[in-house]
Amino acid sequence: MPAGSRPFVYAPPPPGDLAILHEDEQILVLDKPSGLLTVPGKPEAHADCLESRAREHFPHARIIHRLDMDTSGVIILALTAQAHRHIGLQFEKRQTRKHYQALVWGEVVPEAGRVDQPLITDWPNRPKQMIDHERGRAAITDWSVLEREASYTRISLRPLTGRSHQLRVHMDFLGHPILGDNLYAHDAAWQARERLCLHAQRLSLRHPEGGDEIMFESAVPF
(Lines give C-alpha, C1' and ligand atoms only; values in the text may rest on other atoms or scores of the structure.)
Protein backbone atom coordinates (compact mmCIF):
# COMPACT_ATOMS: atom_id res chain seq x y z
CA MET A 1 0.00 0.00 0.00
CA PRO A 2 1.58 3.35 -1.01
CA ALA A 3 2.39 5.58 1.98
CA GLY A 4 0.08 8.36 0.82
CA SER A 5 -2.96 6.08 0.69
CA ARG A 6 -2.66 4.58 4.16
CA PRO A 7 -5.69 5.48 6.29
CA PHE A 8 -5.33 7.67 9.35
CA VAL A 9 -6.88 6.19 12.47
CA TYR A 10 -6.60 8.02 15.78
CA ALA A 11 -6.40 5.47 18.56
CA PRO A 12 -4.57 7.17 21.43
CA PRO A 13 -3.18 5.14 24.33
CA PRO A 14 -5.57 4.77 27.29
CA PRO A 15 -5.56 7.66 29.77
CA GLY A 16 -3.45 7.08 32.84
CA ASP A 17 -0.98 8.81 35.08
CA LEU A 18 1.22 11.37 33.35
CA ALA A 19 4.81 10.21 32.91
CA ILE A 20 6.41 13.19 34.66
CA LEU A 21 10.17 13.58 34.22
CA HIS A 22 10.39 16.91 36.05
CA GLU A 23 8.08 19.43 37.67
CA ASP A 24 8.71 22.80 39.30
CA GLU A 25 6.94 26.16 39.52
CA GLN A 26 7.90 27.13 35.96
CA ILE A 27 7.96 24.00 33.83
CA LEU A 28 6.53 20.52 33.43
CA VAL A 29 8.55 17.91 31.54
CA LEU A 30 6.70 14.82 30.33
CA ASP A 31 7.56 11.55 28.61
CA LYS A 32 5.06 11.55 25.75
CA PRO A 33 3.72 8.17 24.61
CA SER A 34 3.59 7.20 20.95
CA GLY A 35 0.16 7.52 19.36
CA LEU A 36 -1.00 10.61 21.30
CA LEU A 37 -1.43 14.01 19.65
CA THR A 38 0.48 16.85 21.32
CA VAL A 39 -2.38 19.32 20.79
CA PRO A 40 -6.02 18.64 19.80
CA GLY A 41 -6.91 18.03 16.17
CA LYS A 42 -9.81 19.78 14.44
CA PRO A 43 -12.31 16.87 14.62
CA GLU A 44 -13.98 16.48 18.00
CA ALA A 45 -12.79 12.87 18.05
CA HIS A 46 -9.22 14.18 18.14
CA ALA A 47 -9.67 16.32 21.26
CA ASP A 48 -7.78 13.88 23.48
CA CYS A 49 -4.14 14.96 23.49
CA LEU A 50 -1.11 15.45 25.70
CA GLU A 51 -2.02 19.08 26.39
CA SER A 52 -5.58 18.24 27.55
CA ARG A 53 -4.34 15.39 29.72
CA ALA A 54 -1.71 17.63 31.30
CA ARG A 55 -4.25 20.37 32.03
CA GLU A 56 -6.39 17.96 34.03
CA HIS A 57 -3.64 18.08 36.66
CA PHE A 58 -1.87 21.33 35.75
CA PRO A 59 -4.55 23.79 34.55
CA HIS A 60 -2.02 26.43 33.42
CA ALA A 61 0.16 24.07 31.37
CA ARG A 62 0.90 25.35 27.86
CA ILE A 63 2.59 23.60 24.97
CA ILE A 64 5.86 25.23 23.84
CA HIS A 65 6.95 22.80 21.12
CA ARG A 66 5.46 19.68 19.58
CA LEU A 67 6.26 16.08 18.84
CA ASP A 68 4.55 14.17 16.04
CA MET A 69 1.64 12.03 17.16
CA ASP A 70 3.61 8.80 16.72
CA THR A 71 6.87 10.12 18.17
CA SER A 72 7.51 9.45 21.85
CA GLY A 73 9.81 11.06 24.37
CA VAL A 74 10.79 14.26 26.13
CA ILE A 75 8.50 17.25 25.77
CA ILE A 76 8.41 20.41 27.90
CA LEU A 77 5.36 22.49 28.86
CA ALA A 78 5.31 25.92 30.45
CA LEU A 79 3.43 26.53 33.69
CA THR A 80 3.84 30.32 33.58
CA ALA A 81 3.75 33.00 30.89
CA GLN A 82 7.38 33.85 31.70
CA ALA A 83 8.48 30.25 31.08
CA HIS A 84 6.50 30.11 27.82
CA ARG A 85 8.21 33.27 26.50
CA HIS A 86 11.69 32.33 27.72
CA ILE A 87 11.76 28.77 26.40
CA GLY A 88 9.84 29.66 23.24
CA LEU A 89 12.61 32.10 22.33
CA GLN A 90 15.23 29.43 22.96
CA PHE A 91 13.52 27.16 20.44
CA GLU A 92 13.09 30.05 17.99
CA LYS A 93 16.78 31.01 18.24
CA ARG A 94 17.91 27.35 18.05
CA GLN A 95 19.49 27.51 21.49
CA THR A 96 18.04 24.20 22.66
CA ARG A 97 19.75 20.89 21.94
CA LYS A 98 17.56 17.96 20.90
CA HIS A 99 18.70 14.36 20.49
CA TYR A 100 16.53 11.63 19.05
CA GLN A 101 17.03 7.93 18.52
CA ALA A 102 15.49 5.94 15.67
CA LEU A 103 15.50 2.58 13.97
CA VAL A 104 15.83 3.00 10.21
CA TRP A 105 15.58 0.59 7.30
CA GLY A 106 18.73 -1.02 5.94
CA GLU A 107 22.43 -0.59 6.65
CA VAL A 108 23.42 3.05 6.99
CA VAL A 109 26.90 4.04 5.84
CA PRO A 110 29.15 5.86 6.61
CA GLU A 111 29.27 6.28 10.40
CA ALA A 112 27.89 9.83 10.49
CA GLY A 113 26.72 12.64 8.28
CA ARG A 114 24.49 15.65 7.77
CA VAL A 115 21.30 16.11 5.75
CA ASP A 116 20.74 19.69 4.57
CA GLN A 117 17.49 19.60 2.59
CA PRO A 118 14.82 22.37 2.80
CA LEU A 119 11.24 21.35 3.52
CA ILE A 120 7.77 22.59 2.61
CA THR A 121 4.27 21.23 3.16
CA ASP A 122 3.07 18.89 0.42
CA TRP A 123 -0.38 20.52 0.34
CA PRO A 124 -2.23 17.97 -1.84
CA ASN A 125 -0.99 15.24 0.52
CA ARG A 126 -0.83 17.08 3.85
CA PRO A 127 0.24 16.54 6.57
CA LYS A 128 3.14 15.18 4.51
CA GLN A 129 6.17 17.38 3.95
CA MET A 130 8.52 17.34 0.98
CA ILE A 131 11.93 18.61 -0.08
CA ASP A 132 11.77 21.77 -2.17
CA HIS A 133 14.96 23.71 -2.95
CA GLU A 134 13.11 26.73 -4.33
CA ARG A 135 10.38 27.32 -1.74
CA GLY A 136 11.37 25.14 1.22
CA ARG A 137 12.57 26.36 4.61
CA ALA A 138 16.05 25.40 5.81
CA ALA A 139 16.15 21.99 7.50
CA ILE A 140 19.37 20.43 8.81
CA THR A 141 19.86 17.11 10.61
CA ASP A 142 23.09 15.61 11.93
CA TRP A 143 23.11 11.83 12.33
CA SER A 144 25.42 9.08 13.57
CA VAL A 145 25.20 5.29 13.63
CA LEU A 146 24.83 3.61 17.00
CA GLU A 147 24.35 -0.03 16.01
CA ARG A 148 23.75 -2.10 12.89
CA GLU A 149 21.51 -5.16 12.70
CA ALA A 150 20.68 -7.47 9.78
CA SER A 151 17.90 -5.35 8.28
CA TYR A 152 17.97 -2.07 10.20
CA THR A 153 20.28 0.48 11.82
CA ARG A 154 19.93 2.21 15.19
CA ILE A 155 20.79 5.84 14.66
CA SER A 156 21.21 9.00 16.72
CA LEU A 157 19.65 12.14 15.25
CA ARG A 158 20.25 15.76 16.14
CA PRO A 159 17.98 18.24 14.35
CA LEU A 160 19.56 21.68 14.11
CA THR A 161 16.24 23.09 12.89
CA GLY A 162 12.71 22.19 13.95
CA ARG A 163 10.64 21.60 10.82
CA SER A 164 7.57 19.41 10.82
CA HIS A 165 8.43 15.78 10.02
CA GLN A 166 12.05 16.82 9.48
CA LEU A 167 13.68 13.64 10.74
CA ARG A 168 11.23 11.38 8.95
CA VAL A 169 11.69 13.11 5.57
CA HIS A 170 15.46 13.39 5.93
CA MET A 171 15.90 9.70 6.73
CA ASP A 172 13.66 8.76 3.81
CA PHE A 173 15.76 11.08 1.60
CA LEU A 174 18.83 9.03 2.56
CA GLY A 175 17.02 5.88 1.49
CA HIS A 176 16.62 4.69 5.08
CA PRO A 177 13.03 5.41 6.19
CA ILE A 178 12.21 5.10 9.88
CA LEU A 179 10.64 1.76 10.77
CA GLY A 180 6.88 1.94 11.34
CA ASP A 181 6.52 5.27 9.50
CA ASN A 182 3.04 5.25 7.95
CA LEU A 183 3.63 8.45 5.94
CA TYR A 184 7.01 8.04 4.29
CA ALA A 185 8.23 4.44 4.58
CA HIS A 186 7.79 1.77 1.93
CA ASP A 187 5.69 -1.25 2.89
CA ALA A 188 8.50 -3.40 4.26
CA ALA A 189 9.82 -0.62 6.54
CA TRP A 190 6.30 0.42 7.58
CA GLN A 191 5.32 -3.12 8.53
CA ALA A 192 8.60 -3.86 10.31
CA ARG A 193 7.33 -2.34 13.58
CA GLU A 194 3.93 -1.64 15.12
CA ARG A 195 4.88 1.96 15.93
CA LEU A 196 7.04 4.72 14.52
CA CYS A 197 10.51 4.00 15.87
CA LEU A 198 11.41 7.62 16.61
CA HIS A 199 12.01 8.79 20.18
CA ALA A 200 12.91 12.22 21.58
CA GLN A 201 15.59 10.92 23.91
CA ARG A 202 17.16 14.06 25.32
CA LEU A 203 16.45 17.79 25.53
CA SER A 204 18.84 20.44 26.85
CA LEU A 205 17.98 24.10 27.47
CA ARG A 206 18.27 26.94 29.97
CA HIS A 207 15.84 27.12 32.87
CA PRO A 208 13.55 30.16 32.59
CA GLU A 209 14.31 31.11 36.18
CA GLY A 210 18.02 31.74 36.64
CA GLY A 211 19.18 30.51 33.23
CA ASP A 212 20.97 27.38 34.46
CA GLU A 213 21.59 24.67 31.85
CA ILE A 214 19.20 21.75 32.37
CA MET A 215 18.88 18.42 30.59
CA PHE A 216 16.09 15.86 30.54
CA GLU A 217 16.29 12.32 29.22
CA SER A 218 13.87 9.47 28.54
CA ALA A 219 14.69 5.78 28.09
CA VAL A 220 14.32 4.58 24.50
CA PRO A 221 11.35 2.16 24.35
CA PHE A 222 12.46 0.19 21.27
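The values are calculated or read from the model by the stated rules, or taken from the named source; none is laboratory data. Predicted, not measured: the structure shown is a model, and the values here were computed from it. Every residue, glycine among them, receives a Cβ derived from its backbone with ideal geometry; neighbour counts consider all protein chains shown. With ligands, DNA and RNA removed, areas are computed over all heavy atoms of the protein, side chains included. Shrake-Rupley method; radii C 1.70, N 1.55, O 1.52, S 1.80 Å.
Summary table below
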quantity	calculated
DSSP-defined beta bridges in the chain - what % are antiparallel, rounded to 5	95 percent
Normalised contact order of segment 121-222, rounded percent, pairs of Cα under 8 Å and 6 or more residues apart	14 percent
Neighbour-limited loop hits for GluC sites (Glu not before Pro), segment 163-222 (at most 13 other Cβ within 10 Å; DSSP other than H, G, I, E, B)	GLU194
Phi to ³J(HN,Hα) by Karplus 6.51 cos²θ - 1.76 cosθ + 1.60 over segment 193-199, Hz, x for Gly, Pro	9, 7, 9, 5, 8, 9, 9
Accessible carbon and sulfur surface of the chain relative to its total accessible area, %, 1.4 Å	50 percent
Efficiency of FRET from Cβ geometry, GLU149 and ARG85, R₀ 41 Å, rounded to 0.05	0.40
Compactness index (Cα Rg / 2.2 N^0.38 Å), segment 46-165	1.24
Dipole in debye (nearest 20) - segment 66-222, about Cα centre, beta carbon charges: Lys, Arg +1; Asp, Glu -1	460 debye
Spatial separation of Cα centroids for segment 102-146 and segment 43-80, in angstrom	25 Å
Residues of the chain: accessible area per residue with a 1.4 Å probe, Å²	51 Å²
